[in-house]
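Written out below as structure tokens is the structure these notes cover.
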Amino acid sequence: IVCKMAAATWSLKISKSQQLLLCRYRLGSAIYSSRGCASERKKGWLQSLFVHKVDPRKDAHSNLLSKKEISNLYKIQFHNVKPECLQEYNSLSAEVQSRLHSDQDYPCEIVGSWNTWYGEQDQAVHLWRYSGGYPALTKSLNMLRDNKEYTEFRKERSKMLISRRNQLLLEFSFWNEPLPRAGPSIYELRTYRLKPGTMIEWGNNWARAIQHRQENEEAVGGFFTQIGDLYLVHHLWAYKDLQSRAETRNSAWLKPGWDENVFYTVPLIRSMESRIMIPLKNSPLQ
């Protein structure tokens, strides 16, 4: 109340000329503000005329980027094992994988099995291939559901695990087929989490860039998720050792076009991760 009375008293002491100047100032500010809003609206309207129009997509990116003639579906598993159970877990997994492979009616095969060396410790990574896509996956699940031996294996395995997760993957059409290979090798699984809507752009750039990474046959396979964490890409590489990895990666920068690929793909990435993995004895990828 005191403040209001002081303000009123101050306003009474202002001369008529001062009051006139004050009114002109307020009127000018209002006009400027109105013109500014109109200008912004006009500017926004003009800009809308030149906005890039996105053509409607005719197909899903999974159909545009994957190998249609092969129609394979992949599953990758990440199992975090209790440290004291890792050796027992590896032996049990190898035994079960061998038995599944001996069944000719089972439309699934193990592509590779590893323990993470650098990355999450006490972790097992398994890559499976379903020959025939989703129907093969459904057939495999039905067969395992009725397999009492496999049910017992899952119960025993659950006692050894801290956590587990899996993803269903398709392979990029321009990458190598992950075929069995002799070792010894170490493997690097590089995982990229992309910004939604950038998978086509990623594929277009890597279709050109992969030629720079073929000399030492280090490119094993490239995949992108269909179910699980979406807009996730996995690149699987093989090297003789860590020194060979460093030399191979450095030599790529000497090839024209590699730097351009990095320049255009880095802005598409939200996060990335690298695992160095050691193959298990039963892994087809050694």
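Quick look at the numbers
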item	result
Per residue solvent-accessible surface (Å²) - the range 71-228, probe of 1.4 Å	48 Å²
Cβ crowding within 10 Å averaged over residues, with 277-283, 177-183 ranked highest first	277-283, 177-183
Aspartates and glutamates with Cα under 17 Å of Lys148, excluding same-chain neighbours fewer than 8 positions away	Glu95, Asp103, Asp105, Glu156
Portion, in percent, of the accessible area of the range 81-176 that falls on carbon or sulfur, probe 1.4 Å	50 percent
Taking the convex hull of Cα positions in the range 171-217, its mean projected area over all directions (nm²)	4.1 nm²
Residue-normalised accessible area of the range 230-286, given per residue in Å² at a 1.4 Å probe	55 Å²
Heavy-atom accessible surface of the range 180-238: percent carbon and sulfur, 1.4 Å	49 percent
Sequence ranges 146-155, 106-115, 222-231, ranked by mean other-Cβ count within 10 angstrom, highest first	106-115, 222-231, 146-155
Packing-based order for 204-213, 94-103, using average beta carbon neighbours within 10 Å, highest first	204-213, 94-103
Euclidean distance between Cα centres, the range 80-103 to the range 220-279, Å	28 Å
Qualifying aspartates and glutamates (Cα of each under 15 Å from Cα of Lys240; at least 8 residues distant if same chain)	Glu188, Glu215, Glu217, Glu218
Of Lys82/Lys139; Lys82/Lys281; Lys75/Lys281; Lys82/Lys155, pairs whose Cα-Cα distance is over 27 Å	Lys82/Lys139
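The values are calculated or read from the model by the stated rules, or taken from the named source; none is laboratory data. Everything numeric here is computed off the predicted structure, so don't read it as measured data. For neighbour counting, all protein chains shown are included, and Cβ atoms are generated from backbone atoms with ideal geometry for every residue, glycine included. All accessible areas refer to the heavy atoms of the entire protein, side chains included, with ligands and DNA or RNA removed. Shrake-Rupley method; radii C 1.70, N 1.55, O 1.52, S 1.80 Å.
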